[in-house]
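Quick notes on the structure that follows.
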Amino acid sequence: MSIVALIPAFPFAGALLIFLGWRMKGRTAAIIGSAAVGLSMASAITLASISSLSPQSGSAFGLVLWNWLQVGSISVPIGLAVDALSIVMCLVVTVVGFLIHLYSVDHMAGEEGYGRFFGYMNLFVGSMLTLVLADNLLLLYLGWEGVGLCSYLLIGFWYRESANGRAARKAFIVTRIGDISLLVGIFLLATSLGSLDIQEIGRRAASAWPLGSPIASLAAALVLGGALGKSAQLPLHTWLPDAMAGPSPVSALIHAATMVTAGVYLVARTNALFALAPAVQLAVAIIGAATLLVAGWSALFQTDIKRVLAYSTMSQIGYMFLALGLGAWTGAIFHLAMHAFFKALLFLTAGVIINALHHEHDIFKMGGLARRMPFAFWVFLIGSLGLTALPPVTSGFASKDAIVARAWTSGDPGHLLWIAAMLGVLITSAYTFRLLFVVFAGRGASAANAANAAHGSAHEGGQELARPGPLLTIPLGILAFFCLIGGLVDFPRILGGVPWFGTFLGTALPPAREAEAGGGSELALALASLGTSLMGILIGALLWRRSLKPGFVSPSSGIASFFKKGWGFDRIYAVLFQTPFEWLCRVNRRDAVNLASNGIGTANLAFSRVLRSSQTGMIRWYVAFLAVGGALVIAAAVIL
């Protein structure tokens, strides 16, 4: 099973080759980067094929490459663990990552730092694969920090614009809060249980800590803190909308296959801790429900096409946290996998639109693109149907509806969470189809375009737009195909589906603790969700029609501006943390530590001046100093 080691090794090798030859000409770096992830994908598919032949409950294959650290009785190897959960995550990361790399070959052509981009992307994929394959928490944390570093490098890829640098720093700093929480949690688990092996921690915790134990709750809460930062959940969510400063392939990779899914994976992987801390697990569900509503409502007021999708990602990750909090472990990972397909499709299609319109992001300066960009329209429609869980697209229909139904069948407080989930369904459908109608509907330039024409921003309806090349359309077509049929791997039983995905993943994750609903209840819940989604389409159409009114450019009222800015969280954090910290830095800029270090430098400088003055160039003075020095040495030897 040495093929396991090749899965992360190929992207790391690709990154190394690109960085060593970063001045590569032409598309050499792109070929190396794409081939590396492609080989990793082939390895993951081969591993999945072998493992799916004889899945066994609780089975996990381990591969220890070498011993990394030995601290007392705790041994930390560079070890990889393979089970159904890690296989699914590897497939998501490599398949979606490869398609994004392929898309980037054309999309990033001509950009400064073309080779550097693919080096960062390979490093990103390699770090994420290390995270999901690690058999111990310290190696997982190494991949965790690698993902954070690469997100900083890629969000700020166009670093010559100061706003991009600020967005990259914001992502790095905000996620560091969660990272520190996770690190403290790792220390707590190591000292309390005497191991860093993830499987062993689960076994020891179950035998050492009773249900609801304070230390188990503390450990789970610290792990949850790390997950909230990486997955952009309340209250550590503010970095994700600004992360749109990076290129569109970066946005797709962060939102679909890496980074934000890391927190979901972490909670699922450490499910044994959360099972011992029911209060913390309930908090996971509540945070997920709150995030899906807050983020979804914010998406309704965005005017930047990528920021709409960014808030959408936060909302969909909220559904995954809701499922995790309800104990629907396989349901959360299933939605993670389906979300990877339709969200990557939406972001990459948005990149095609933005490039075709000369880097225009404002949706109210678009319009009528269905006729001018028919391929982009159809694939964006497929992604939108997946996002809103509407047939005939099976991906979101199969995964999100299962989470909504699970909230109802879990009993109290699941009924309240079900209401939140249904509101999320309504809002999701509304902002998705608002976006779709504003960008693609109409006869060409909308009234909003005409209003903006005076500012030189209109795109005339008759203007020909460049058609995307095959390296752009092929990945979009493949992702659209996965969106259409992906949900069939775990389609609802009431519609004749077979839960193959859940059965396979159930060998690594515990079964959902809530009771199954009857066939009639499942059908009623599915119809309720479908009806709510259709109602959301009507709301989205009404919002679009409003945008066609003369003089309407974008939501500009105070309330709309409040929601557009993400409920004012950035302002609150600036007042509570940033401003006081900056003031303290100004007051304390000459603190004792700085004075001491500056004093050492000043003393060294003064001493060097004394030594320099002794270099006169006169030999008699050098001889005199030698004589005096020799006499002092002899005197000291005699006296002592």
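Return yes when residue 131 is in contact (Cβ under 8 Å) with a residue 40 or more places away in the chain, buried (at least 20 other Cβ atoms within 10 Å of the Cβ) and assigned to a helix (DSSP H, G or I) and no when it is not.
For residue 131, the condition - in contact (Cβ under 8 Å) with a residue 40 or more places away in the chain, buried (at least 20 other Cβ atoms within 10 Å of the Cβ) and assigned to a helix (DSSP H, G or I) - is met.
Could you list, in sequence order, all residues of segment 565-598 that are surrounded by 12 or more Cβ atoms within 10 Å (Cβ to Cβ), of a type in the set (D, E, K, R) and part of a helix (DSSP H, G or I)?
Those that are surrounded by 12 or more Cβ atoms within 10 Å (Cβ to Cβ), of a type in the set (D, E, K, R) and part of a helix (DSSP H, G or I): 570, 571.
What number goes with the only condition from (1) buried (at least 16 other Cβ atoms within 10 Å of the Cβ); (2) modelled with pLDDT of 85 or more; (3) out of contact with any Leu (no Cβ under 7 Å at 6 or more places or on another chain) that residue 55 does not pass?
(2)
Being buried (at least 24 other Cβ atoms within 10 Å of the Cβ), assigned by TED's automatic domain parsing to the domain that holds residue 521 and not aromatic (Phe, Trp, Tyr) narrows it down to one of 409, 432, so name that one.
432
So which residues in segment 345-359 are in contact (Cβ under 8 Å) with a residue 12 or more places away in the chain and within 19 Å of residue 109 (Cβ to Cβ)?
Correct list: 347, 348, 349, 350, 351, 352, 353, 354, 355, 356, 357.
Checking the conditions here, which among 601, 506 is at pLDDT 80 or above and either exposed (fewer than 11 other Cβ atoms within 10 Å of the Cβ) or closer than 30 Å to residue 367 by Cα (or both)?
Sole residue among the options that is at pLDDT 80 or above and either exposed (fewer than 11 other Cβ atoms within 10 Å of the Cβ) or closer than 30 Å to residue 367 by Cα (or both): 601.
Among the residues of segment 64-115, write down those that are among the β-branched types (Val, Ile, Thr) and within 30 Å of residue 501 (Cα to Cα).
64, 78, 82, 87, 88, 92, 93, 94, 95, 96, 100
Starting from segment 252-265, take each residue that is over 14 Å from residue 339 (Cα atoms) and list its partners that are among the hydroxyl-bearing types (Ser, Thr, Tyr) and surrounded by 24 or more Cβ atoms within 10 Å (Cβ to Cβ), counting only C-beta distances under 7 angstrom and pairs at least six apart or across chains.
Here the result reads 263/231, each pair linking segment 252-265 to a residue that is among the hydroxyl-bearing types (Ser, Thr, Tyr) and surrounded by 24 or more Cβ atoms within 10 Å (Cβ to Cβ).
Limited to segment 168-216, what total is found for residues that are part of a helix (DSSP H, G or I) and in contact with a Pro (Cβ under 9 Å, 6 or more places away or on another chain)?
Qualifying residue count, segment 168-216: 1.
When segment 386-415 is examined, which residues are found to be part of a helix (DSSP H, G or I) and either of a type in the set (Asp, Glu) or free of Cβ contacts under 8 Å to residues at least 12 places away in the same chain (or both)?
Hits for segment 386-415 are 401, 415.
Going through segment 104-126 one residue at a time, which ones are of a type in the set (A, V, I, L, M, F, W, C) and either part of a helix (DSSP H, G or I) or within 12 Å of residue 150 (Cα to Cα) (or both)?
105, 117, 118, 121, 123, 124, 125
Of the conditions (1) touching a Leu at 6+ places or on another chain (Cβ under 6 Å); (2) modelled with pLDDT of 90 or more; (3) more than 14 Å from residue 319 (Cβ to Cβ), residue 424 satisfies every one except a single condition; which number is it?
Here residue 424 clears every test but (3).
Can you find a residue that is over 24 Å from residue 547 (Cβ atoms), of a type in the set (D, E, K, R) and surrounded by 24 or more Cβ atoms within 10 Å (Cβ to Cβ) anywhere in segment 380-400?
The answer is yes; a qualifying residue exists.
Just one of (1) hydroxyl-bearing (Ser, Thr, Tyr); (2) buried (at least 19 other Cβ atoms within 10 Å of the Cβ); (3) modelled with pLDDT under 95; (4) more than 27 Å from residue 504 (Cα to Cα) trips up residue 104, so point out which.
Going through (1) hydroxyl-bearing (Ser, Thr, Tyr); (2) buried (at least 19 other Cβ atoms within 10 Å of the Cβ); (3) modelled with pLDDT under 95; (4) more than 27 Å from residue 504 (Cα to Cα) one by one, residue 104 breaks only (3).
Take the residues in segment 205-238 that are β-branched (Val, Ile, Thr) and within 25 Å of the chain's Cα centre (by Cα), then tell me which one is surrounded by the fewest Cβ atoms within 10 Å (Cβ to Cβ).
The residue in question is 238.
Go through (1) hydroxyl-bearing (Ser, Thr, Tyr); (2) surrounded by fewer than 21 Cβ atoms within 10 Å (Cβ to Cβ); (3) within 15 Å of the chain's Cα centre (by Cα) one by one and return the number of the condition residue 151 breaks.
Among (1) hydroxyl-bearing (Ser, Thr, Tyr); (2) surrounded by fewer than 21 Cβ atoms within 10 Å (Cβ to Cβ); (3) within 15 Å of the chain's Cα centre (by Cα), residue 151 violates only (2).
(1) part of a helix (DSSP H, G or I); (2) modelled with pLDDT under 95: which one isn't true of residue 323, the others all being true?
Just one mismatch for residue 323, condition (2).
Tally the residues that are at positive phi and either crowded, with 23+ Cβ neighbours inside 10 Å or touching a Gly at 6+ places or on another chain (Cβ under 9 Å) (or both), restricting the search to segment 470-499.
Residues flagged as at positive phi and either crowded, with 23+ Cβ neighbours inside 10 Å or touching a Gly at 6+ places or on another chain (Cβ under 9 Å) (or both) within segment 470-499 amount to 0.
For every residue, the table says whether it meets (1) under 21 Å from residue 17 (Cβ atoms); (2) in a helix (DSSP H, G or I).
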| site | (1), (2) |
| --- | --- |
| 38 | yes, yes |
| 44 | yes, yes |
| 49 | no, yes |
| 63 | no, no |
| 77 | no, no |
| 80 | no, no |
| 90 | no, yes |
| 95 | no, yes |
| 98 | yes, yes |
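As an exercise: evaluate residue 356 against (1) at pLDDT below 95; (2) within 20 Å of residue 487 (Cβ to Cβ) and give the number of the one condition it does not meet.
(2)
In segment 557-564, is there at least one residue being out of contact with any strand residue (DSSP E or B) (no Cβ under 8 Å at 6 or more places or on another chain), loosely packed, with under 10 Cβ neighbours inside 10 Å and of a type outside the set (Gly, Ala, Ser)?
Scanning segment 557-564 turns up at least one residue that is out of contact with any strand residue (DSSP E or B) (no Cβ under 8 Å at 6 or more places or on another chain), loosely packed, with under 10 Cβ neighbours inside 10 Å and of a type outside the set (Gly, Ala, Ser).
In the list 263, 226, which residue meets the criterion of being under 21 Å from residue 85 (Cα atoms), touching an Asp or Glu at 6+ places or on another chain (Cβ under 8 Å) and at pLDDT 95 or above?
Just a single option satisfies the conditions, and that option is 226.
Taking interchain pairs and intrachain pairs at least six residues apart, which have beta carbon atoms under 6 angstrom, with the first residue in segment 231-244 and farther than 16 Å from residue 322 by Cα and touching a residue at least 60 places away in the same chain (Cβ under 8 Å) and the second of a type outside the set (D, E, K, R) and in a loop (DSSP other than H, G, I, E, B)?
The qualifying pairs are 240/232.
Against the condition of a type outside the set (Asp, Glu) and modelled with pLDDT of 85 or more, how does residue 548 come out, does it pass?
Here the answer is no, as residue 548 does not meet what is asked.
Considering (1) within 14 Å of the chain's Cα centre (by Cα); (2) not assigned by TED's automatic domain parsing to the domain that holds residue 140; (3) not aliphatic (A, V, I, L, M), say which one residue 281 fails and leave the rest.
Failed condition: (1).
The values are calculated or read from the model by the stated rules, or taken from the named source; none is laboratory data. Since we're looking at a predicted model, the values are computed, not measured. Glycine also receives a Cβ, built like all others from the backbone with ideal geometry; neighbour counts cover every protein chain displayed.
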